[in-house]
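Chemist: Okay, handing you the structure first.
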Amino acid sequence: MEFVVGDMAITTVGSDGDDRAIEFLVAQRGATEEAHFVIHREHDQGWETARLTVEPQAGGVPVAAVEWAVEFAREYL
């Protein structure tokens with residue numbers, strides 16, 4: 001799924017088979033580079049144990065994209 005948030009396009013790449021992780025790609029409008037990150041949560045754990053993983057080559061991920069992705073993940077994880 002792709003969502004437009006401000007000047008960003010945020011795409012959900014997929015989730016693991018147990019619905020404990022969702023991968024996201026974020027691209028600024030007009031940019032050729034995308035940032036990739038994953039939000040993980042253990043099935044039997046609360047959100048206090050959730051983790052964010054950013055690929056080293058992503059450079060940086062906009063905080064607004066992470067905020068949006070966390071809210072999205074809370075609905076689906």
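The values are calculated or read from the model by the stated rules, or taken from the named source; none is laboratory data. All figures in this text were calculated on a predicted structure; none of them were measured in a lab. Here the Cβ positions follow ideal geometry from the backbone for every residue, glycine too, while neighbour counts run over all protein chains shown. With ligands, DNA and RNA removed, areas are computed over all heavy atoms of the protein, side chains included. Shrake-Rupley method; radii C 1.70, N 1.55, O 1.52, S 1.80 Å.
Chemist: Residue 75 versus residue 31, label points 7 Å from Cα toward the beta carbon: distance in nm?
Modeler: About 2.3 nm separates the two model spin labels.
Chemist: Ignoring any ligand, DNA or RNA, what whole percent of the accessible area of the chain comes from carbon and sulfur when the probe is 1.4 angstrom?
Modeler: Whole-percent figure for carbon plus sulfur exposure: 49.
Chemist: Picking from 58, 21, 31, which is most flexible by a Gaussian network model of the chain using Cα springs under 10 Å?
Modeler: Top of the fluctuation ranking is 31.
Chemist: Restrict the search to the range 1-50; then list the GluC sites (Glu not before Pro) that DSSP places in a loop and that have at most 10 other Cβ atoms within 10 Å of their Cβ.
Modeler: Within the range 1-50, the qualifying GluC sites (Glu not before Pro) (loop, at most 10 other Cβ atoms within 10 Å) are 33.
Chemist: Still on this model: How high is the relative contact order of the chain, in percent, counting Cα pairs under 8 Å that sit 6 or more residues apart?
Modeler: Values: 121 pairs, mean separation 18.2, N = 77.
So the answer I get is 24 percent.
Chemist: Whole number in Å², please: accessible area per residue of the chain, 1.4 Å probe, ligands, DNA and RNA not counted.
Modeler: On the way: 4930 Å² over 77 residues.
Accessible area per residue: 64 Å².
Chemist: Using 1/(1 + (r/R0)^6) with R0 = 25 angstrom and r between the beta carbons of residue 45 and residue 1, what's the FRET efficiency to the nearest 0.05? Could you put the intermediate results ahead of the total?
Modeler: On the way: r = 25 Å, r/R0 = 1.01.
Computed FRET efficiency for residue 45 and residue 1 comes out at 0.50.
Chemist: Let me ask something else. On a 0 to 90 degree scale, rounded to 10, what angle separates helix 63-76 from the longest Cα axis of the chain?
Modeler: 40 degrees
Chemist: Are there any trypsin sites (Lys or Arg not before Pro) in the chain that are in a DSSP loop and have at most 10 other Cβ atoms within 10 Å? List them by number.
Modeler: Loop-located and lightly packed - 29.
Chemist: Pick from 26, 54, 63: which residue has the top mean-square fluctuation in a GNM of the chain where Cα pairs under 10 Å get a spring?
Modeler: 63
Chemist: From the phi of every residue in the range 35-47, what ³J(HN,Hα) in whole Hz does the Karplus formula 6.51 cos²θ - 1.76 cosθ + 1.60 yield, where θ is phi - 60° and glycine or proline is x?
Modeler: 9, 10, 8, 10, 10, 10, 8, 6, 4, 9, 10, x, 5
Chemist: Okay, next question. Of all alpha-carbon pairs in the chain, indicate the percentage at a distance above 13 angstrom. Kindly include the intermediate steps, with their values, before the conclusion.
Modeler: Working: 1876 of 2926 pairs.
Counting pairs separated by more than 13 Å, the tail of P(r) holds 64 percent.
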